[in-house]
Amino acid sequence: MFSYNSYMFKVTPAAKKDDRPPPPKSMTAGRHSCANTDQGGKAAKLLGFKQPRALHVCYMEGAAENETCADPLTVELQIYLEMKGFPHKVHVVDPEKGKNLPEWFRKNNWDGILPMTKYDKDQYKLGSAETMMALEKKFRVPLMSNGGMGAGRFRGKTVKNLTLSLLKSVRPYDETNPDWVDLVSELRQLDEYLVQCHGKEGDYLKSKKFSLWDIRMLPALYNLVTIANYFKPGFALPDEVPHLRSYLTHAFEDPIFKKFCPSVRKIVRYYEPKLNMRVVLPDDVV
């Protein structure tokens, strides 16, 4: 990548400043490739960077435009598209009932996997992870960090699955519960990852900008710590994950996360049918 410090202009002694040749396009692109979160999408559009054409996104019911959704896979894709600044059309669908399904969804998604995206005429991606990886590979600007070395072994889906199995279990949150043991092990590894790769406060707190790792982990972790006690009292993050605690405290206050962050009541209603339970919430819980 070119930079103003490394790129040398060839100017004769008699040449004036205004006669100098303009910097190459690659140098200009490099200057804007690290645009901040708020301006990234706008900068990409103004400077003519490539964006997916005719991007359509199918979300599950409850993910209507300008409304929050409790499904963590939906939330992570919403945050990603917001940070990239990609214009897109939202379709709220129900594959089980065959409701609001576009024809291209029926032909290319027999299993009804959500979210699903379509762009550039014939590109179809199933699931939030596949969508983000494909878009990030082809449309690099504004550039997003992948979270650093070792981030690939963590998946928000792991926390999501452990949350379900933990809340379904009748055992308490202790070492007699295998699901709790597995969850604590996962949280410890997350804590160690934050320390080893990015220092005590994690990648997000250093750059003030979510990485792909942050986007994929935060929605599932938020659901877990927010509603576990409503279904089965006694949950608390283990004392041995102090760096993860600090990281979550700050990340949950990020304006972009708060924009797509679902309410407690929505998250509880999302998990009720999955757990075959009905929770009576206090009136002051929104």
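Coordinate-derived values only; no laboratory data. In this text the structure is predicted, and so the values were computed from the model without any measurement. Every residue, glycine as well, gets a Cβ built from its backbone with ideal geometry; the counts of neighbours run over all protein chains shown.
Rounded to the nearest 0.05, what FRET efficiency do LYS274 and ASN108 give with R0 = 22 Å and r taken as the Cβ-Cβ distance? Could you check? Before the final figure, lay out the partial values.
Values: r = 26 Å, r/R0 = 1.19.
After rounding to 0.05, the efficiency reads 0.25.
At q = 0.22 Å⁻¹, what base-10 log of I(q)/I(0) does the Debye formula yield for the stretch 165-286 when every alpha carbon is treated as an equal point scatterer in vacuo?
Taken in order of the listed q values, log10 I(q)/I(0) reads -1.34.
Just to be sure I understand the model, the point goes 7 Å from the Cα along the line to the Cβ. What's the resulting GLU67 to LEU164 distance in nm?
Modelled inter-label distance: 2.3 nm.
Within the set LYS50/LYS137; LYS107/LYS274; LYS50/LYS121, which residue pairs have Cα atoms separated by over 21 Å?
Working: LYS50/LYS137 12 Å; LYS107/LYS274 28 Å; LYS50/LYS121 15 Å.
Those over the limit are LYS107/LYS274.
Please report, in debye to the nearest 20, how large the charge dipole of the stretch 162-286 is about its Cα centre when each Lys and Arg carries +1 at its beta carbon and each Asp and Glu carries -1 there.
Taking the Cα centre of the stretch 162-286 as origin, the dipole is about 580 debye.
If R0 is 30 Å, what FRET efficiency do you get for GLN189 and GLU253 from their C-beta distance, rounded to 0.05? Provide the component values of the computation, followed by the final result.
On the way: r = 24 Å, r/R0 = 0.80.
Plugging the Cβ-Cβ distance into 1/(1 + (r/R0)^6) gives 0.80.
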